[in-house]
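Report on one structure; see the data block that follows.
The values are calculated or read from the model by the stated rules, or taken from the named source; none is laboratory data. This structure is a prediction, so every number in the text was calculated from the model and none was measured. FYI the Cβ positions are ideal-geometry reconstructions off the backbone, even for glycines, and counts take in every protein chain you see. Just the protein is used for accessible areas: all its heavy atoms, side chains included, with ligands, DNA and RNA removed. Shrake-Rupley method; radii C 1.70, N 1.55, O 1.52, S 1.80 Å.
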Amino acid sequence: HLSINGPTALTVADLDGEDGSIVVENVASATINSYDGDITVKGGVETLSADNVVDITFTNADDLVDVTLTSVVDPNYTATTVAPVDYGDTIAISSANDLETITLAGTWTSIDLSTNTNLTTAVISADVTGSAGIKINGNTDLETLTLTGSKSPKVWVNANNSLTSLTVDTTIKIASGTTATLDGTLIVTTNTDLESLTISSKDISTLTITGNVSLATIDGTGLTTLGAGGTTASPKYPSVTITGNDLTASLAQDKENATGCEDCDDLEKNNL
């Protein structure tokens, strides 16, 4: 167990972390690589990098500016019948108001970045296994959110009011759990400066795009398949809600060829 307080810079490499821990405080730049023990980050840490995270905790870590983390499945995890698989660590960073950039890779159970008011850039290429998925919420200065390479059952982007364009190209995956099905969720809500949204993720069952008052363009051509629909005993029906944005339609086309109808009003048979 190591508790380190005070040096300007710290590098840890190739240290066996099994059943061990590292606590860093008042270390301006901390690099912790190849370490498979618990990591606790406290105040005074500005730059943090770690490439083998199995368990990380942030305690009053209000000075973070630049964070780069790769999480891995704990090599010391012992599977049981009740919990046969370890799904990676969870990460939740909120109200870290000095934080400017964060890069997350590897395997995580969930990712939650909320109300970090100076965060401008977030790059997520991680494999996220839990049903909570990726949550990006209330980061009012966020200008760039990159999801390329990420995998998750859910993506929620809410109230990031400096974000002007967003591409969601996350690969939708089945959430951890024996009853989970391939039914993705994408929620994009109340991002006031968001002007364009591109969706190339597939297998989405729940799609909600609401309250983005500047959103004038949605490109969903990459959204080619719905989710699996749950089990026969408990079906999950597709749900699409798109309201309160700045969309103007010049043409709407129903590409279903109606070969017949009983109450067609002004529609005609075989009108594509």
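Here Leu48 passes the criteria (1) under 22 Å from Ser176 (Cβ atoms); (2) assigned to a strand (DSSP E or B) except the one numbered (1). Would you confirm whether any residue within the stretch 189-201 is within 19 Å of the chain's Cα centre (by Cα), of a type outside the set (S, T, N, Q), closer than 22 Å to Ala105 by Cα and crowded, with 18+ Cβ neighbours inside 10 Å? Within the stretch 189-201 (the criterion being within 19 Å of the chain's Cα centre (by Cα), of a type outside the set (S, T, N, Q), closer than 22 Å to Ala105 by Cα and crowded, with 18+ Cβ neighbours inside 10 Å), the answer is yes, since at least one residue qualifies. For the stretch 206-219, the set of residues classified as open to solvent by less than 30 Å² (accessible area, probe 1.4 Å) and in contact with a Leu (Cβ under 6 Å, 6 or more places away or on another chain) consists of Leu207, Asn212, Leu215, listed by residue number. Listed by first and then second residue, the pairs linking a residue in the stretch 70-83 that is part of a loop (DSSP other than H, G, I, E, B) to a residue that is of a type in the set (D, E, K, R) and open to solvent by less than 50 Å² (accessible area, probe 1.4 Å), with Cβ atoms under 6 Å apart and 6 or more places separating them unless they lie on different chains, are Val73/Asp86; Asp74/Asp86; Pro75/Asp36; Tyr77/Asp86. In summary, no strands (runs of 3 or more DSSP E) completely within the stretch 121-211 bear 3 or more residues that are farther than 24 Å from Lys236 by Cα and in contact with an Asp or Glu (Cβ under 7 Å, 6 or more places away or on another chain). For the stretch 220-240, filtering for residues that are over 20 Å from Ser152 (Cβ atoms) and open to solvent by less than 90 Å² (accessible area, probe 1.4 Å) leaves 3. Going by the conditions given, is Leu2 surrounded by fewer than 16 Cβ atoms within 10 Å (Cβ to Cβ), under 23 Å from Ala105 (Cβ atoms), over 25 Å from the mean Cα position of the chain (by Cα) and among the hydrophobic types (A, V, I, L, M, F, W, C)? It is false that Leu2 is surrounded by fewer than 16 Cβ atoms within 10 Å (Cβ to Cβ), under 23 Å from Ala105 (Cβ atoms), over 25 Å from the mean Cα position of the chain (by Cα) and among the hydrophobic types (A, V, I, L, M, F, W, C). Assess whether Thr47 counts as being open to solvent by 20 Å² or more (accessible area, probe 1.4 Å) and either of a type in the set (D, E, K, R) or in contact with a strand residue (DSSP E or B) (Cβ under 7 Å, 6 or more places away or on another chain) (or both). Taking the combined requirement at face value, the residue satisfies it. Within the stretch 80-90, can one find any residue that is modelled with pLDDT of 95 or more and either surrounded by 13 or more Cβ atoms within 10 Å (Cβ to Cβ) or within 25 Å of Asp127 (Cα to Cα) (or both)? Checked the stretch 80-90: at least one residue is modelled with pLDDT of 95 or more and either surrounded by 13 or more Cβ atoms within 10 Å (Cβ to Cβ) or within 25 Å of Asp127 (Cα to Cα) (or both).
Determine whether Glu18 is in contact (Cβ under 8 Å) with a residue 24 or more places away in the chain and open to solvent by 30 Å² or more (accessible area, probe 1.4 Å).
Yes; evaluated as a whole, the condition is true for this residue.
Please verify whether the stretch 144-165 includes one or more residues that are modelled with pLDDT of 95 or more, open to solvent by less than 20 Å² (accessible area, probe 1.4 Å), of a type outside the set (Gly, Ala, Ser) and more than 18 Å from Ile218 (Cα to Cα). The answer is yes, given that some residue of the stretch 144-165 is modelled with pLDDT of 95 or more, open to solvent by less than 20 Å² (accessible area, probe 1.4 Å), of a type outside the set (Gly, Ala, Ser) and more than 18 Å from Ile218 (Cα to Cα). Within the stretch 103-119, the set of residues being surrounded by fewer than 17 Cβ atoms within 10 Å (Cβ to Cβ) and hydroxyl-bearing (Ser, Thr, Tyr) comprises Thr115, Thr117. Only one entry of Asp127, Asp98 meets the criterion of being surrounded by 16 or more Cβ atoms within 10 Å (Cβ to Cβ) and either under 20 Å from Asn60 (Cα atoms) or among the acidic types (Asp, Glu) (or both), and that entry is Asp127. Within the stretch 5-15, if we keep just the residues that are within 14 Å of Ala50 (Cα to Cα) and part of a loop (DSSP other than H, G, I, E, B), the residue that is most open to solvent (accessible area, probe 1.4 Å) turns out to be Asp14.
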